[in-house]
1. Sort 220-227, 86-93 by the packing proxy (mean of other Cβ within 10 Å over each peptide's residues), most packed first.
2. Give me the number: length gained by fully extending Q258 to D146, i.e. 0.36 nm times residue separation minus the C-alpha to C-alpha distance, one decimal in nm.
3. Run the dipole for region 65-165 about the Cα centre, Lys and Arg Cβ at +1, Asp and Glu Cβ at -1, nothing else charged, and hand back the magnitude in debye, nearest 20.
4. Grab region 128-238 and count how many Lys pairs have their alpha-carbon atoms under 13 Å apart, sequence gap of 8 or more, or different chains.
5. Whole-Hz Karplus ³J(HN,Hα) for region 65-77, in order, using 6.51 cos²θ - 1.76 cosθ + 1.60 and θ = phi - 60°, x for Gly and Pro?
6. For the residues V70, V106, what sequence is obtained by ranking on other C-beta atoms within 10 Å, fewest first?
7. Could you give each residue of region 234-249 its phi-based ³J(HN,Hα) in whole Hz, using Karplus coefficients 6.51, -1.76, 1.60 with θ = phi - 60°, and x for Gly or Pro?
8. How would region 92-139 be classified by its alpha-carbon gyration tensor: rounded, prolate or oblate, with rounded meaning a/c under 1.5 and the a/b versus b/c comparison settling the rest?
Amino acid sequence: MKRLIYLALSLALLFACTSCVGKAAVLPAEAVPTAAQPPEPEEVPEEEPPAPPEPEEPYVRVIDPAKPMVALTFDDGPDTACSDQILDILEEHHALATLFEVGRNVAACPEPVGRMVELGCEVGSHSNAHKDLSKLRKSSLLRDLDTADEAFVLAGAPAPLLVRPPYGAVNKTVKPATGRAMVTWTVDTEDWRSRDAQKVIDYVQSYGALDGEIILMHSIYESTVEAVRVLVPWLQEQGYQLVTVTELMAYYYGELPQPDHFYGYTY
Ligand code: NI
């Protein structure tokens, strides 16, 4: 009988231990150490992808014949330092101008001429050697203008119809016999004389009505670049459209430049 009791107790003990071991082996999930597992990535709120930038509207240039207009003109370039600065200002303000360039300068510094054409500026001739054309024989005069044209074409501009005679000097030969259109100016800033940006600015700003005027400057002076930096936005704020000489002739004077004609516009 005693042996039976021992056996029963032993069995009970063994069962209890077994169930203990079983319980210990089956740990609840939350008790399993998790240190070895990578932390759950934090939920990142999904952001809207940035909208693609609005495509920039292409600038469309329209000349309104009913609105006032001015032609800015620059002589004596191209200049390695100043021409591109003036073109930068014109480009920034969607303004055009006419540049009467000296042929031999074009041959030495052709790059700005290609850019002028690209921007839509008008490239005119200011002769090849900046001589007083009225003092040349007709053959020398024509040779000078033809040599300049070769430089313009090599630089990427068409041979100009418009010629601004150096010093505005014309005579009976220069006016009607070159196959080109001679054109001068109406407002002389004398920027070459003062070399003072403020004087040029003051002169233009106090000139009065500028509708239909052709303003003369020179694209070879830093002072002129600084004046243009002020005058281009100022003229536009005053309501002036900045046009080329041919555009001014067409829209303001109602005529297109013709070969062997002189346009002084001082009448
Ligand atoms: Ni000149």
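FYI, it's all coordinate maths here, none of it is from the lab. Predicted model only: the values in this text are computed from it and were never measured. All Cβ positions, even for glycine, are placed from backbone atoms using ideal geometry, and neighbour counts span all protein chains on display.
1. So the order, starting with the most tightly packed, is 220-227, 86-93.
2. Length gained between Q258 and D146: 38.6 nm.
3. So the magnitude is around 600 debye.
4. Lysine pairs meeting the criterion: 4.
5. So the J values, rounded to whole Hz, are x, 7, 9, x, 9, 9, 10, 7, 10, 10, 9, 6, x.
6. On the way: V70 25, V106 28.
Exposure proxy ranking, most exposed first: V70, V106.
7. 5, 4, 5, 5, 6, x, 7, 7, 9, 10, 7, 4, 5, 5, 5, 4
8. Prolate is the answer for region 92-139, as a/c is 1.5 or above and a/b outweighs b/c.
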